[in-house]
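K.L.:
Can you read through this structure? Questions will come right after.
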Amino acid sequence: MRRFTDLLKRFHKDESGNFIIIFGILAVVLIATAGSVVDFTSVQQARARTQTALDSAALSLQPRITLDSNDTLKTKAKAIIVERLGDSTITVDVPTVVTNTTEGSIKINASIRKSTSFVALVGVNSITAQLVSQATRKQLDLEVAMVLDNSGSMASNSRMTNLKKAARCATNILYNAITSCTDTVLNASDSLTPTVANVKIGISPFNEFVNVGTGYKTAAWMDQTGATRVAKDGFDNDDSDANTFNTSVNRFNLFTAIGVPWEGCVEARNHTTGAGGLYYDTSDLEPSTGIADSLFTPAFAQDQADGYDNSYMNDRPVACTNKDQGSWVQTKVKTNCSQNGAGSASNYTACGSSETTTRTQTDQNNAAVTPAAATEPATVNGQPKNCTDVYTSVRTQTSPNRYTNTYVRTCSYTFSPRELHERLCKYVAANTVSSGLSGGPGGMTGPNADCNISMLPLTATKSSVISKISAMASQGGTNIHQGVMWGFHMLSPTEPLTEGKPFAGTTSKVMIVMTDGENTHSWTNDYAGADWYTAYGYPYQGRLTGADNTALQTEMDNRTKTTCTNAKAKDIVIYTVGLSPPNQSTRDMLTACATDATKAYFPTTSTELVSVFQAIAGQLADLRLAL
């Protein structure tokens, strides 16, 4: 019994097990403390992810600040954050949204609550964090030039219909911050007064020309006197192919002389260099009356010779003195020949009898020239000869047979098609211009051939933009270079168009270029070198280098790319949209023109144009984050 009592005393006094008990109590604290690092890291990661989602919500909702209430914006902000996080362990709350429509800003305050795993052991079941994000439209003006293909191919497969819808979509996004481009939304939005300040849009429709509008006829930057070297291309006043024509031609005077109004199209400026080594036709060098090649020449498609596409008036009117009926005729006769001399020179020569020769000659006015030239002239008034030889024979005796053999060489000197084309004398009121003609790529002939709808310079008047888009029509060939060039002029602050604000200021300048084809030239192997008159005239005039379609189109591509390079050097952002580009070279050209490859779009069907323009316009919100 005593031994048992001693054991109890010893057990009561023994302290060797206290460590285990103390450790058990402290283990909970140690685990919670060590695990707090994990919980803290988890919360910080959740906070970072939520901040990104919150920034996205601010960016997405900023265009809606004039359209939605703050309560609606709170609901939408929370939905965006939750959807972006996709994490049920994070509880999101958006207590306040503060907007300022004057400054164009939205400030979203948010909080998150994240469940803990380790510090919950000591009673901390969750950790909260506060976040804030603010999105503000930069206080920049936005200028957008839409360069839109209006060539004949746009009439197929609803391309023009869908382009109009796409352009309306971009217009409504930029002016009114709409977020959907369904037919219903567009029809309701087209007439809305702009709600987004400091936005201007211009439209540059193009085919093989750009129409600047007849309102610029008297502008100082338009060639009013025929001073440019371009103005005289395609004209002549001496009916001679051999002589160089250096006389100035006032295109406006020609329109007046034949009683046809100029419809507003202009030609490309000459490919000569100005300040800084830039070419006038690929840069925005300002026009000056003291520098002829810097001016713009009104397009005047010359009347071609009969039988060619753009023939619309008489090549030989009364006003033209020379009627090209000159001739030189030489007749040689041999008599008492024993052999029939008909049909060939050898038969005629076989007769060894003596020969008599007579010659007659008329000039281009059908008047006799005396004496006739002993040797056929190579040219008359510069016109080359066109000669024919005829050998005939008449039997004058039988038994034995005798013949009179005759050789007639007739040389006519008619105007070449080029000279009939270039005659200035035919542009008179008495020489009536044909009407209702068909022909050419778009069904138009005459001095205004294929001059389509006029452009619209930058404007804040939304109704003007919508009206211009609605009026677009398909006609003619494709000259992407000229479309881009006039988009550049729109955004430039200097003449010919002055609606754009200065470069390197507080204005963001953007060009959207859309085409469904390639730079096109209708090369032919005739005197003019092409079927169509274009902004570069005809190939024989030498304003583009190349003697076939490939070479001409390559040169057009090169000038397009140079124009884009010059525009981008002025910080113009360029988006390109190539609808099913017909070849790799066109795709490459459009990619090179864009500011970067991400801004070059290549939809395969016209129905995709709406989504492409919607995406581009959405990027043009030009927002910044301010935390």
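The values are calculated or read from the model by the stated rules, or taken from the named source; none is laboratory data. If you're wondering where the values come from, they're calculated on a predicted model, not measured in any experiment. Here the Cβ positions follow ideal geometry from the backbone for every residue, glycine too, while neighbour counts run over all protein chains shown. Quick note on the areas: whole protein, heavy atoms, side chains included, nothing else; ligands and nucleic acids left out. Shrake-Rupley method; radii C 1.70, N 1.55, O 1.52, S 1.80 Å.
K.L.:
Identify, from the list T228, T179, the residue that is of a type in the set (S, T, Y), over 23 Å from T507 (Cα atoms) and surrounded by fewer than 21 Cβ atoms within 10 Å (Cβ to Cβ). If you could, list the steps in order and put the result at the bottom.
P.N.:
Details: T228 fails: surrounded by fewer than 21 Cβ atoms within 10 Å (Cβ to Cβ).
Exactly one residue qualifies, and that residue is T179.
To keep it simple, each residue is scored yes or no on (1) surrounded by 13 or more Cβ atoms within 10 Å (Cβ to Cβ); (2) at pLDDT 90 or above; (3) not hydroxyl-bearing (S, T, Y).
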residue	(1), (2), (3)
S69	no, no, no
T72	yes, yes, no
I90	yes, no, yes
P95	no, yes, yes
E103	no, no, yes
N109	yes, yes, yes
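K.L.:
Then there is this: List the pairs whose first member sits in the stretch 246-273 and is farther than 28 Å from T562 by Cβ, whose second member is surrounded by 17 or more Cβ atoms within 10 Å (Cβ to Cβ) and of a type in the set (S, T, N, Q), and whose Cβ atoms are under 6 Å apart, counting only residues at least 6 apart or on separate chains?
P.N.:
Within 6 Å, the pairs are E263/N448.
K.L.:
Sticking with this structure for a sec: Say whether the condition of being farther than 24 Å from P298 by Cα, under 18 Å from the mean Cα position of the chain (by Cα), at pLDDT 95 or above and aliphatic (A, V, I, L, M) is met by at least one residue in the stretch 530-542. Spell out how you get there, then give the answer.
P.N.:
Our first condition is that a residue be farther than 24 Å from P298 by Cα; within the stretch 530-542, this holds for none.
There is no residue in the stretch 530-542 that is farther than 24 Å from P298 by Cα, under 18 Å from the mean Cα position of the chain (by Cα), at pLDDT 95 or above and aliphatic (A, V, I, L, M).
K.L.:
A follow-up question, please. For a quick check of your reading of the model, give me the residue pairs whose first member lies in the stretch 92-107 and is in a strand (DSSP E or B), whose second is small (G, A, S), with beta-carbon atoms closer than 6 Å and at least 6 apart or on different chains.
P.N.:
As it stands, the answer is D93/S111; V94/A77; V94/A110; I106/A58; I106/A135, since those pairs meet every condition given.
K.L.:
Ok, one more. Could you please tell me which pairs satisfy a Cβ distance under 7 Å, a separation of 6+ or placement on different chains, a first residue in the stretch 368-390 that is at negative phi, and a second residue that is β-branched (V, I, T) and in a strand (DSSP E or B)?
P.N.:
Final answer for the pair search is A368/T362; V369/T362; A372/T360; K385/T379; C387/T410; T388/T410; V390/V408.
K.L.:
So L424 fits all but one of (1) under 30 Å from T576 (Cβ atoms); (2) in contact (Cβ under 8 Å) with a residue 24 or more places away in the chain; (3) open to solvent by 40 Å² or more (accessible area, probe 1.4 Å); what number is the exception?
P.N.:
The failed condition is (1).
K.L.:
Sticking with this structure for a sec: Of N431, N347, which residue is touching a residue at least 60 places away in the same chain (Cβ under 8 Å) and either in contact with a strand residue (DSSP E or B) (Cβ under 6 Å, 6 or more places away or on another chain) or surrounded by 13 or more Cβ atoms within 10 Å (Cβ to Cβ) (or both)?
P.N.:
Working: N347 fails: touching a residue at least 60 places away in the same chain (Cβ under 8 Å).
Just a single option satisfies the conditions, and that option is N431.
K.L.:
Please identify the pairs in which a residue from the stretch 406-419 that is of a type in the set (D, E, K, R) has its Cβ atom under 8 Å from the Cβ atom of a residue that is at pLDDT 95 or above and buried (at least 18 other Cβ atoms within 10 Å of the Cβ), counting only partners at least 6 apart or on another chain.
P.N.:
R409/Q330
K.L.:
Right, another one. Tell me which residues, restricted to the stretch 525-558, are open to solvent by less than 10 Å² (accessible area, probe 1.4 Å) and in a helix (DSSP H, G or I).
P.N.:
Within the stretch 525-558, L552, M556 qualify.
K.L.:
Examine the stretch 111-127 for a residue that is modelled with pLDDT of 85 or more, surrounded by 20 or more Cβ atoms within 10 Å (Cβ to Cβ) and part of a strand (DSSP E or B), and state whether such a residue exists. Spell out the reasoning first.
P.N.:
Here is the first cut: in the stretch 111-127, the ones modelled with pLDDT of 85 or more are 111.
Of the ones still in play, those that are also surrounded by 20 or more Cβ atoms within 10 Å (Cβ to Cβ) are none.
No, there is no match, as no residue in the stretch 111-127 is modelled with pLDDT of 85 or more, surrounded by 20 or more Cβ atoms within 10 Å (Cβ to Cβ) and part of a strand (DSSP E or B).
K.L.:
Step by step: first the residues of the stretch 261-273, then only those that are surrounded by fewer than 18 Cβ atoms within 10 Å (Cβ to Cβ) and part of a loop (DSSP other than H, G, I, E, B), then the one that is nearest to the chain's Cα centre (by Cα). Which residue is that? Explain how you work it out, then say what you get.
P.N.:
Here is the first cut: in the stretch 261-273, the ones surrounded by fewer than 18 Cβ atoms within 10 Å (Cβ to Cβ) are 261, 272-273.
Now drop any that are not part of a loop (DSSP other than H, G, I, E, B), which leaves 261, 272.
Working: P261: 26, T272: 22 Å.
Per the criteria, the residue is T272.
K.L.:
Which ranges mark the helices (runs of 4 or more DSSP H) fully within the stretch 409-520 that have 3 or more residues being out of contact with any helix residue (DSSP H, G or I) (no Cβ under 9 Å at 6 or more places or on another chain) and under 20 Å from D315 (Cβ atoms)? Give the steps one after another, and end with the answer.
P.N.:
On the way: elements: 417-422, 462-471, 480-491.
By residue number, 417-422.
K.L.:
Sticking with this one: Regarding the stretch 372-386, can at least one residue be identified that is crowded, with 16+ Cβ neighbours inside 10 Å, more than 30 Å from Y540 (Cα to Cα) and over 50 Å from the mean Cα position of the chain (by Cα)?
P.N.:
Looking only at the stretch 372-386, we keep the residues that are crowded, with 16+ Cβ neighbours inside 10 Å, and these are 372, 376-377, 380-383, 385.
Right, trim to more than 30 Å from Y540 (Cα to Cα) and you get 372.
Then drop every residue that is not over 50 Å from the mean Cα position of the chain (by Cα), which leaves 372.
Within the stretch 372-386, one or more residues are crowded, with 16+ Cβ neighbours inside 10 Å, more than 30 Å from Y540 (Cα to Cα) and over 50 Å from the mean Cα position of the chain (by Cα).
K.L.:
Could I ask something else about it? Among the numbered conditions (1) open to solvent by 70 Å² or more (accessible area, probe 1.4 Å); (2) of a type outside the set (D, E); (3) modelled with pLDDT under 95; (4) under 26 Å from H481 (Cα atoms), tell me where Q304 comes up short.
P.N.:
Every condition holds for Q304 apart from (1).
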